[in-house]
1. Give the peptides 203-211, 279-287, 6-14 in descending order of average Cβ contacts within 10 Å, highest first.
2. At a threshold of 8 angstrom on Cα-Cα distance, excluding pairs fewer than six apart, so keeping six or more, what relative contact order does segment 73-147 reach in percent?
3. Which aspartates and glutamates have a Cα lying under 14 Å from the Cα of K189, excluding residues fewer than 8 positions away in the same chain?
4. Diagonalise the Cα gyration tensor of segment 95-148 and give the resulting equivalent ellipsoid semi-axes, square root of 5 times each eigenvalue, largest first, whole Å.
5. Taking the DSSP beta bridges in the chain as the whole, what percent of them are antiparallel, to the nearest 5?
6. In deg cm²/dmol, rounded to 500, what helix-only [θ] at 222 nm does the chain give when every DSSP H run of at least 4 residues adds -39500 (n - 2.57) and the total is split over its residues?
7. On a full-extension model of 0.36 nm per residue, what is the gain between Q295 and D310, subtracting their alpha-carbon distance, rounded to one decimal in nm?
8. So in segment 282-382, what percent of DSSP beta bridges are antiparallel if you round to the nearest 5?
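The values are calculated or read from the model by the stated rules, or taken from the named source; none is laboratory data. These numbers were taken from a predicted model, which means no experiment stands behind them. Every residue, glycine among them, receives a Cβ derived from its backbone with ideal geometry; neighbour counts consider all protein chains shown. What goes into the accessible areas is simple: the full protein's heavy atoms, side chains included, and nothing from ligands, DNA or RNA. Shrake-Rupley method; radii C 1.70, N 1.55, O 1.52, S 1.80 Å.
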Amino acid sequence: MTTTVIRGTLVLPDRLLEKGQLVIRNGRIAAIEKARAAVPKGVEVLDAEGGYVAPGYIDLHVHGGDGADFMDGTADSVLTACRAHGRHGTTTIFPTTTTGTPEQIAAMLRACQEVQKSQSASDGARIGGVHFYGPYFAPDKVGCHSPDGQRSPDVEEYHQHFETGIIRIATCAAELPGAVEFYRFARKKKCLVTCGHSNSTWPEMEAGFKAGVRHVDHFWCAMSSVSSLKKRCGTPMQASMEEFVLAMPEMSTEVIADGYHLSSELLRFAYQMKGSARLCLVTDSSRAMDMPEGQYRFGPERDGPWFINDGQVGRTIDGSGALASSVAGMDQMVRVMAAATKAPLWDVIRMATLTPAERVGISKDVGSLEKGKRADVLILSKRLQVREVIVGGTAMPW
Ligand SMILES: [Zn+2]
Ligand SMILES: [Zn+2]
């Protein structure tokens, strides 16, 4: 039985515990208490040295990092991206599909399954499941994804994908033919059901909601607005996905808080309107994370569309300045969100930990520093830089 004690300011779900200590035994959190001077012999003590002890981050929407995209479809790429995100504090990751051929998506699912089966602490972020994101996007909201890989829901296709059992989050644009059937199916499979890359109206969202939709991908990005619907539907002007999410307490959403996608006013507004229990921080980062400036492929290495990493964010190569994914890890999202909202630290961290865990239904096991949960723990500096990452009680080698 191995025991580790971590000392520092503990970030609990609803408060900070100064001079606290976290006791880890057999990979689980055994106790949360005030720090004591003496610990039993042979117990390893880690000290945050004036910094924080926080739960490991959980990323619901992420495409890759360190040169690898999950859609490359190889175990090598999956491991590279998981390790890269581990170094940024993510301990549970939901690899996210892009648009692509059915074969490319099937290869991605297989590669994630293969890695998930044999993951250890040295492999970085653990795969919590796959976010089945592309290919069922609206043709006019494909964004930086390959337009050739976009299509409407195909029952035969998605039944096969879901058969793998690894899909835990399922996205589809609400206005596509077959969307409601897809949502019902995904709900039956106990997924977090979400609408994204969509130009849908309020009634289309309402139909989706009845079929199980409870989340919308990257708020304000590749989704409908009053003005985008004016182009689609004319007048009178229509309520959009934005109004639907803000009006419905059951709906959650996510923000890419890298500092380049959304201004700090928008981040603060999202936090004020939805609250920390309905807003998740996601990276939506591409393979260009932790890579030099230059051109990269979004999605599959073989034929994904090119984009530019300008050192801050991904942009499309057409010169329009349109965004094409982030190039930052969850640690940056947390720092930017903390600065933008001035919210209490536990509430900011909640949006990167407990809230995503609750939305996908894994909060019994991970998402907060609570007795009995898996010891996925971060040691953070005062400025929220990641100093150490502990996955299931074992320190991740850098
Ligand atoms: Zn997207
Ligand atoms: Zn994305």
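1. Working: 203-211: 18.8, 279-287: 29.4, 6-14: 20.6.
For the peptides 203-211, 279-287, 6-14, the packing ranking is 279-287, 6-14, 203-211.
2. On the way: 96 pairs, mean separation 33.6, N = 75.
45 percent.
3. Hits, sequence-local ones excluded: E163, E181.
4. Ellipsoid semi-axes (Å, largest first): 26, 11, 7.
5. 55
6. Estimated from H runs of four or more residues: -8000 deg cm²/dmol.
7. Using 0.36 nm per residue and subtracting the Cα-Cα distance, I get 4.5 nm.
8. 90
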